[in-house]
Amino acid sequence: MAEVALHQVTKRFGETTAVSGLSLDIADGEFIVLLGPTGAGKTTTLRLFAGLEQPEEGSVHIAGHEVTCQAPAERDVAFVFQQYSLYPHYTVFENLAFPLRAPGRRGSPEAIRRRVQEIAEMLRIESKLNNRATELSGGEMQRVSIGRALVRQPNLFLMDEPLSSLDAKLREDLRVELKRIQRELGATILYVTHDQLEAMTLADRIGVLAEGRLVQIDDPREVYERPTSVYAAQRLGSPSINLLRPGTLGLENGPGGTETLGVRPEDVVLNGRGVAARVLTLEHLGVESIALLEVAGAGGAPQQVHALLGSQRGVAEGDSVTAAVRPGAVLYFDGEGRRLATGTTGLQERRP
Amino acid sequence: MSVSTKAYSVSESGKRTKWLAGGMVVVYALVSMIPLVWIVLTGFKSPPDSIAYPPKVVFEPTMEGYVNLFTSRSRQTPEYIESLGPPQTWYDALVRERNMVITGPSRFLGRYWNSIVIGFGSTFLAVFLGTLAAYAFSRFRIPLKDDLLFFILSTRMMPPIAVAIPIFLMYRELGLSDTALGIILLYTAVNLSLSVWLLKGFVDEIPREYEEAAVIDGYSRLQAFVKVVLPQMRAGIAATAIFCLIFAWNEYAFALLLTSGQAQTAPPFIPIIIGEGGLDWPAVAAGTTLFLLPVVIFTVLLRDQLLRGITFGAVRK
């Protein structure tokens, strides 16, 4: 019953418009990830749902009710902040019990103790329950933060880059954990991140924000393979998509009005038929390598292209190679960065 | 072996530096404590010893100063004293040696009590109002906020005594002259600028996320303030309270001007304790010694908070 939505919401801070005419519908149990650079309005969107900000225009709905004018406490949402949200004067137990002791929700001490214990076990912090919040490591603090959101069953979880302050290993563990917990609880989550790996793996749908507007919202695969714009295409993929002028790499024919070609690095194939290229640098990442190639550009000026080499070996820095693009893997964008439809192209074939 | 000066400057200081610093602290402590020690000693001297020249460091201690501080006495003929029978208490005996009898308690205790009521009362008010105002200035969008803050600070830009005459006239009109309430209000007003500014700094240091998290978790703004903000302001509140108390406790000029009887505090009273043939120095010293105690105790009790508070949140965590 946790249908959650923003309808045509606009929020300004003085001169700047943080969110402009944003509409977003989230189904019950859905995991939505918002992607976008700093200042795109991701955090503001979360704060609008939480009631920490009031929109100038539009309405906010949670669990099918309009809550635009309700105070945060009445909305029954949980918020995981990037940092800072553990109360330093409380122990871990008290921090976890804090939401359960709120007026109007007050359960019996026994029920609170049991619930906190349960969550602590789920997050593997049960041995730290009597520690002060300041005596924890960064990872433990963040797990307590997430735990504090999980102790009650709110209509909506809002998470603002909850894993960004952690080291890589821990981030990976918690990411997997979070997805498992979300499936288990059937929780509705709106999640903000910079990390595209988190976005790809966690999201049921990814929303791409640009300057306070939602430019695309689709399942991760769709956003990756059929971005609606250059902007959305650049949000996913590492290294990011190659943007080329028509004529580069022997690519010519696109739909009318094509100004820019988008080629994912993994779609650049070396040493088959293709144009001459030179390997500038080569980065080994273990399973795969990233090659930076220099090819002749459209006007004859050299252009740099990233290629992701899977198990292809036998390439070294400074080598002269040939490069081509996997047929049908090109995305065509017009002068304003919008993707142009290509009818039935090879894209369809690549989908499983 | 060469040692980088930069690395040295941030490392633990050497043994010799520590001894030198320790020695300087001891010397400084001695210099600043000598007047205090002298006051405490004078309280136990007899009146002739207290004004002896050269000053006496070794003397025969007596409680005369303290007895004189707490009592009023009158001189009587030896025959009259004889007729009273043997003295009932040790202080009776002490007074009779000087051919006097105790006629009743002095006004010192009343003045001391006034100081306690006014000092702690105004400190409580200044810190209480200051905390609320500081929170509001730190968290809410207030029209003309910067101007208001400057205006509050500007009340500190002149010595408070500069407005003594208008306040004197105002208080006379309002019937606040020589009342504890009047003095409490006055000290609160003077301290409020200090407490608002100090406490605002402490509130600014506390990230808003704490309150936002509490509000989302189902608490009202006031509950979030009490449960989350106040506990983290403890150090700041303690430091501010000590500063306010020290001002209110030691204030002399307004107390002299605005109080004479009922509401008089200890500072204007102690220096005018008259004995036979002029000021009763041992009694003045005894009164001063007792007057020092509450602030010392208060500061010692809050010293941990104070230390953290005075670093102004520079080293959080």
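Projecting the Cα positions of A:Leu214, A:Leu163, A:His7 onto the charge dipole of chain A (unit charges on Cβ atoms of Lys, Arg, Asp and Glu, taken about the Cα centre) puts A:Leu163 furthest along the positive direction.
Straight-distance candidates among the lysines for linking to A:Lys42, with alpha-carbon spacing under 17 Å and chain neighbours fewer than 8 residues away dropped: A:Lys11. Distances between placed amide hydrogens fall under 5 Å for A:Glu3 paired with A:Ala63, A:Gly64, all partners being 5 or more residues away or on another chain.
Looking at chain A, send over the antiparallel percent of its DSSP beta bridges, to the nearest 5. Mind dumping the intermediate values first?
Working: 50 of 67 bridges.
Antiparallel bridges make up about 75 percent of those DSSP assigns within chain A.
Helix B:108-139 and the longest principal axis of the C-alpha atoms of chain B enclose an angle of approximately 10°.
Scalar couplings 3J(HN,Hα) for the stretch B:287-302, obtained by applying the Karplus form with A = 6.51, B = -1.76, C = 1.60 to θ = phi - 60°, are x, 4, 4, 5, 5, 6, 4, x, 5, 4, 5, 4, 5, 5, 4, 9 Hz; x denotes Gly and Pro. Across the options B:Thr17, A:Leu261, A:Val321, the greatest Cα extent toward the positive end of the charge dipole of the protein assembly as shown (unit charges at beta carbon of Lys, Arg, Asp, Glu) belongs to B:Thr17.
Would you mind classifying the stretch B:16-141 by shape? Square roots of the alpha carbon gyration tensor eigenvalues, ordered a ≥ b ≥ c; an a/c under 1.5 is rounded, otherwise it is prolate if a/b is larger than b/c and oblate if not. Note, shape of the stretch B:16-141 comes out oblate. Among A:Ala111, A:Ala149, A:Ile189, whose Cα lies farthest out toward the positive end of the dipole of the stretch A:104-189, if unit charges sit on the beta carbon of Lys, Arg (+1) and Asp, Glu (-1)? Checking the options against the dipole of the stretch A:104-189, the answer is A:Ala111.
Extending 7 Å from the Cα toward the beta-carbon at both A:Val275 and A:Arg183 defines two label points whose distance is 4.4 nm.
Each part gets one Cα centre, and for the stretch B:41-73 versus the stretch A:108-179 those centres are 68 Å apart.
Can you tell me the relative contact order of the stretch A:80-198? Whole percent, Cα pairs under 8 Å, sequence separation 6 or more. Spell out each step's value before the answer.
On the way: 133 pairs, mean separation 39.5, N = 119.
Once divided by the residue count of the stretch A:80-198, the mean separation gives 33 percent.
The lysines within cross-link reach of A:Lys179, meaning a Cα-to-Cα straight distance under 18 Å and a gap of 8 or more places when in the same chain, are A:Lys169.
Inter-chain neighbour count for B:205-215: the average number of beta-carbon atoms from partner chains within 10 Å of each residue's beta-carbon is 6. Near the amide H of A:Met159, within less than 5 Å, lie the amide hydrogens of A:Val80, A:Leu190, A:Tyr191, A:Val192, all on another chain or at least 5 residues away, with H placed in the peptide plane. In terms of surrounding Cβ atoms within a 10 Å radius of their Cβ, A:Thr68, B:Thr103 rank from fewest to most as B:Thr103, A:Thr68. Using the Karplus equation 6.51 cos²θ - 1.76 cosθ + 1.60 (θ = phi - 60°), what ³J(HN,Hα) coupling, rounded to whole Hz, does each residue of the stretch A:164-169 give in order, writing x for Gly and Pro? My calculation for the stretch A:164-169 gives 5, 8, 9, 7, 4, 4 Hz in order. Taking label points 7 Å from Cα along the Cα-to-Cβ direction, A:His89 and B:Ser74 give a separation of 5.8 nm.
Quote the charge dipole size of chain A about the Cα centre in Debye, to the nearest 20; the model charges only the Cβ of Lys and Arg (+1) and of Asp and Glu (-1). Present the calculation step by step, with values, prior to reporting the outcome.
On the way: 38 positive and 45 negative charges, 109 e Å.
Result for chain A is approximately 520 debye, rounded to the nearest 20.
Basic side chains Lys and Arg get +1 at the Cβ, acidic Asp and Glu get -1 at the Cβ, and with that the dipole of chain B about its Cα centre reaches some 1020 debye. A Förster distance of 30 Å, applied to the separation of the beta-carbon atoms of B:Ala164 and B:Phe128, puts the FRET efficiency at 0.70. Placing dummy labels 7 Å off each Cα toward the beta-carbon, the span from A:Arg326 to B:Ala189 is 8.1 nm. Fewest neighbouring Cβ atoms within 10 Å first, the residues A:Thr260, B:Thr179 line up as B:Thr179, A:Thr260. The 3J(HN,Hα) values that the Karplus relation (6.51, -1.76, 1.60; θ = phi - 60°) gives for the stretch A:20-31 are, in residue order, 9, x, 8, 10, 8, 10, 10, 7, 4, x, 8, 10 Hz. Gly and Pro appear as x. In a fully extended conformation the segment linking A:Ala71 and A:Asp25 would gain 14.5 nm over its present Cα-Cα distance, using 0.36 nm per residue. The helix-based estimate of mean residue ellipticity at 222 nm for chain B, built from -39,500 (n - 2.57) per DSSP H run of four or more residues and divided by its residue count, is -20500 deg cm²/dmol to the nearest 500. Taking chain B as the region of interest, the number of lysine pairs whose Cα atoms are within less than 23 Å, with members eight or more places apart or on different chains, is 7. As a length-normalised measure over Cα pairs under 8 Å and 6 or more apart, the relative contact order of chain B settles at 26 percent. Peptide B:221-227 has a mean of 2 when you count, residue by residue, the C-beta atoms of other protein chains within 10 Å of its C-beta.
Roughly how many debye, to the nearest 20, is the charge dipole of the protein assembly as shown about its Cα centre, given +1 on each Lys and Arg Cβ, -1 on each Asp and Glu Cβ, and no other charges? Can you show the working numbers first?
Details: 64 positive and 67 negative charges, 219 e Å.
I would put it at about 1060 debye.
Short-range pairs are left out: with C-alpha atoms under 8 Å and at least six residues apart, the relative contact order of the stretch A:1-148 is 21 percent.
The trypsin sites (Lys or Arg not before Pro) found in the stretch B:114-196 that occupy coil by DSSP, while having at most 10 further C-beta atoms within 10 Å, are B:Arg141.
Computed from the coordinates by the stated procedures, all read-outs in this text should not be read as laboratory data. Note that the structure is a prediction, hence the values are computed from the model and not measured. Here the Cβ is made from the backbone with ideal geometry for all residues, glycine too, and neighbour counts use every protein chain on show.
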